[in-house]
Amino acid sequence: MAIYTRTGDQGETSVIGGRVSKDDIRVEAYGAIDELNGFVGQARSMMDDEIFADVRQQLLEIQHELFDCGSDLAYVSLDEGKYKVTRNMAERLEQWIDRLQAENPPIERFILPGGSGLASVLHVCRTVCRRAERRTVTLGHSKEINGETVAYLNRLSDYFFALARTANTRLGVTDVEYIRGAKVFRD
């Protein structure tokens, strides 16, 4: 089977129910999600099997769910019965975030992305996730979308923040605080 089809050579691509320009906001939204999925795969590949067994499995589940997000956004006309992203997916992320946060030291200031190489990639995941969320919100201004996708992406970026900090904690690397800012987090 050939990987190339030549059907996109004129700047259009197929979506579920039709064809659109490759720079259509729908394609931008699920393209950003696809980009995020690539970075999630990179982060997962950097994780030691023993130290990060729990989160490696979570990230694998997230990769599947990112495909679900892209699928939900690829519909030209809505069919709610076919949606894959549900509220319970965001709620499960909240549970994972709470477990990760329990491992992390208290935070008072904003932190700079970085620390360990793994945490750096997880911060890239966080920022690409925020972009995917923004593109999805923009799409929702002009087209009907599954709103659960926005909630999921919003929670997922929080997950990546917590996980980046946990990666540093588990690897014995201290987060670097943004020293020019005030103390903004308090218990």
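The values are calculated or read from the model by the stated rules, or taken from the named source; none is laboratory data. Here the structure is a predicted model, which is why all the values come from computation and not from measurement. Heavy atoms of the whole protein, side chains included, go into the accessibility calculation; ligands, DNA and RNA do not. Shrake-Rupley method; radii C 1.70, N 1.55, O 1.52, S 1.80 Å.
Descriptive notes on the structure:
- The candidate values are (1) 1, 8, 15, 18, 17, 14, 11, 8, 5, 3, 1, 0; (2) 1, 8, 16, 20, 22, 19, 10, 2, 0; (3) 1, 8, 17, 20, 20, 15, 10, 5, 2, 0; the one derived from this structure for P(r) over Cα pairs in 5 Å bins from 0, in percent carries the label (1).
- For the chain, the longest principal axis of the C-alpha atoms and the axis of helix 147-171 are separated by about 30°.
- Candidate aspartates and glutamates for bridging to K183, where Cα separation is under 14 Å - those fewer than 8 sequence places away on the same chain excluded: E108
- Rounded, prolate or oblate (a/c below 1.5 giving rounded, otherwise prolate when a/b exceeds b/c) for region 92-143 by Cα gyration tensor: prolate
- Taking every protein chain into account, the 1.4 Å probe leaves F39 with about 60 Å² of accessible area, to the nearest ten.
- Helix 25-45 vs. the chain, principal-axis angle (Cα, 0 to 90°, nearest 10): 40 degrees
- Degrees separating the helix 87-103 axis from the principal Cα axis of the chain, which is the longest one: 20 degrees
- Gaussian network model of the chain, springs between alpha carbon atoms under 10 Å - residue of V176, V40, V150 with greatest fluctuation: V176
- With contacts taken as Cα pairs under 8 Å at a separation of at least 6 residues, region 55-187 carries a relative contact order of 37 percent.
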